[in-house]
Each structure stands twice: as C-alpha cells, then as structure tokens.
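The values are calculated or read from the model by the stated rules, or taken from the named source; none is laboratory data. It should be emphasised that the depicted structure is a prediction, and the values quoted were computed from it without experimental measurement. Glycine also receives a Cβ, built like all others from the backbone with ideal geometry; neighbour counts cover every protein chain displayed. We work out accessible area using only protein heavy atoms, side chains counted, and drop any ligands, DNA or RNA first. Shrake-Rupley method; radii C 1.70, N 1.55, O 1.52, S 1.80 Å.
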Amino acid sequence: MASAERLPRRRFRGLRKFARNRAAVAGAIIVAFAVFVALLAPWISPYDPVATSFMTVRQAPGALHWFGTDELGRDILARMIYGARASLAAGVVSVGIAVIVGVPLGLLAGYFGRWVDAIVSRLADALLSIPFLILAIAMAAFLGASLTNAMIAIGVSAMPRFVRLARAQALSVKAEEYVEGARAIGLTDARIIVRYILPNVLPPIIVQASLTVATAIIAEASLSFLGLGQLPPLPSWGSMLNTAKDFVEQAPWMSIFPGIAIFLTVLGFNLLGDGLRDALDPREA
C-alpha cells in the first residue's frame, strides 16, 4: 500500500514543482493566451487584417481602433491577432523540424559511435560554427522569401542544438546497466534506442524545445523584418515592425504594439522553458 501511494506522488511531483514556480506559471499563462489568440483569430479579430481604409490612415488608438491603424488604414489589433499565427507557427513548426531531424541523428551518433558519430558530429559542428541567425538569413535568402521557407531555414539552423543534446544524453544512458542487460538478452539496437534510450532523452529535449521556440519566434520576426519571411499583405509581427520603422515619429503605436507582443511571447516561452527544466530535473527535490 505504501509503495502504491508513493507512485502517484512521484508521478505528479514534477507538476507540483512547476505549479509552485510562479514565473513558470506566468510563462505558461502567456503562452496559453498567445495560442488562444492565434487559434481563434477569425472569431476575435475586430476587422479584416488586410482591409485598407484611406479614411483612417495612421489613426491613433481610440474607441474604434484600440491599437490604431497603419499607413494603409488597416487595424493594427487585427493584424497583430493574425500575426500571432505566423509567429507561433514559425516557432512550433521550425522547432518541430529541428527535433524530428536532429534528435534521431543525435541518438544514432551517441549510441553507435565510431564513423556514425564522426559524420554526424562534424556536420553539427560545421553548422554550429555559423551564427544561428546568420545561417537562417542565408538559407532563407537562398530558398526564397516565404513563411514556409523561413520555417525550414530556422529549423535547419536550430537542428545542431538537438543533435548535440541527444548525442550527449545517448552517450550517458547507453552506459547504464539496464541497457547492457537489454543487449545481453538479445534486444535489437532499434528496440533498445526506442524503449530505453529515447525515454531518458525526452525531458531535456522538451526543455530545449520550449526554449528554442522563443529563439525561433525572434528569428522569424527578424526574417520578416528583412523581407524574407511572411510577405505583405499577410500580417506578421516582424513585417509590421519593418513597415513601422518609417513612421516612428508620426505613428509610434505602429511599432510599440508589435514589439510588445514579440517581447511578451518570447518571455513567456523562456519562463515556461525554465520552469520545465526545474520540474523535470530529477536531481531537484
């Protein structure tokens, strides 16, 4: 009975640790709100984000347009709501690409070693030798300006982080006695990797993924600012800042609100990632 009672406690210990972390809870709330806004954009947006009105060009925030309008009379609040879709999609999809490609490569390199490790590690080192944002800009410019190509560029640029992390975790786990026992009873390498290596690698991968989403959102905003991401008239926080730079003195609200949205969303994912790292760390009581 005592062991049966301890099992649920251990299972929910990480959740309780996360709930006690106020910063992590605040981050989770910010992320949940951003996801809520992005998913329900067609129903909560007050206006069409691409509809222009030359009667309301650069109108200051007011009762009709809470966040004001831009240089074409488009409602900034509506464009920010729809822009959340582009930013979150870029963050989640690009990190998904990095995880799907990077984690298997890292597991193979760490588990098999030798020439597999040499090839994968040299590839990861070559990509890591180039600054993340510079590599993303170069790939996006090569692929062409679009949100899809920007996500691919960001995902490939972030992939080496997951290769190195998965490789390090696999090297550590494969030396454990239960993995040696699995080999001794004749389990195949594929079964050992899926059943014993991967579950022990997942917690740090989840933490790294949540932190990398924040980096990917900044990268997408940077690419859109440079004209390599979401293309007008479709809204994106980065492209909105690109337009707003020409009207900082006449219409400062055009840059203030998208900037705040990027700041809060990135802050939310960083706080969430830090909270997950503390909650999933088995060394923490």
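Quick check on my filter: what residues within the stretch 29-47 are loosely packed, with under 14 Cβ neighbours inside 10 Å and free of Cβ contacts under 8 Å to residues at least 40 places away in the same chain? Of everything in the stretch 29-47, those that are loosely packed, with under 14 Cβ neighbours inside 10 Å and free of Cβ contacts under 8 Å to residues at least 40 places away in the same chain turn out to be 32, 36, 39, 40, 42, 43, 44, 46.
The residue that is least open to solvent (accessible area, probe 1.4 Å), counting only those in the stretch 162-186 that are charged (D, E, K, R) and closer than 20 Å to residue 98 by Cα, is 167.
Would a scan of the stretch 78-85 turn up a residue that is touching a residue at least 60 places away in the same chain (Cβ under 8 Å), surrounded by 15 or more Cβ atoms within 10 Å (Cβ to Cβ) and among the charged types (D, E, K, R)? The answer is yes, given that some residue of the stretch 78-85 is touching a residue at least 60 places away in the same chain (Cβ under 8 Å), surrounded by 15 or more Cβ atoms within 10 Å (Cβ to Cβ) and among the charged types (D, E, K, R).
Yes/no per residue for (1) under 18 Å from the mean Cα position of the chain (by Cα); (2) among the polar types (S, T, N, Q); (3) open to solvent by less than 30 Å² (accessible area, probe 1.4 Å):
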| site | (1), (2), (3) |
| --- | --- |
| 229 | yes, no, yes |
| 240 | no, no, yes |
| 248 | no, no, no |
| 263 | yes, no, no |
| 267 | yes, no, no |
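Scanning the stretch 89-119 for residues that are part of a helix (DSSP H, G or I) and open to solvent by less than 20 Å² (accessible area, probe 1.4 Å) turns up 90, 91, 94, 95, 98, 102, 103, 106, 107, 109, 110, 111. Restrict the check to the stretch 55-71 and report whether at least one residue is in contact (Cβ under 8 Å) with a residue 40 or more places away in the chain, touching a Ser or Thr at 6+ places or on another chain (Cβ under 7 Å) and surrounded by 18 or more Cβ atoms within 10 Å (Cβ to Cβ). Among the residues of the stretch 55-71, at least one is in contact (Cβ under 8 Å) with a residue 40 or more places away in the chain, touching a Ser or Thr at 6+ places or on another chain (Cβ under 7 Å) and surrounded by 18 or more Cβ atoms within 10 Å (Cβ to Cβ), which makes the answer yes. For residue 145, the conditions (1) among the small types (Gly, Ala, Ser); (2) part of a helix (DSSP H, G or I); (3) touching a residue at least 12 places away in the same chain (Cβ under 8 Å) all hold with the exception of (2). Contact map, the stretch 109-133: first residue over 12 Å from residue 167 (Cα atoms), second residue surrounded by 15 or more Cβ atoms within 10 Å (Cβ to Cβ) and among the charged types (D, E, K, R), Cβ cut-off under 9 Å, separation 6 or more or different chains; pairs are 125/164; 128/161; 128/164; 132/161. If you go through the stretch 187-215 and keep only what is open to solvent by less than 60 Å² (accessible area, probe 1.4 Å) and farther than 16 Å from residue 160 by Cα, you end up with 187, 192, 193, 196, 197, 198, 203, 214.
Given the criterion in a helix (DSSP H, G or I) and either farther than 19 Å from residue 148 by Cβ or among the aromatic types (Phe, Trp, Tyr) (or both), identify the matching residue among 223, 211, 187.
On the way: 223 fails: either farther than 19 Å from residue 148 by Cβ or among the aromatic types (Phe, Trp, Tyr) (or both); 187 fails: in a helix (DSSP H, G or I).
Going through 223, 211, 187 in turn, the sole match is 211.
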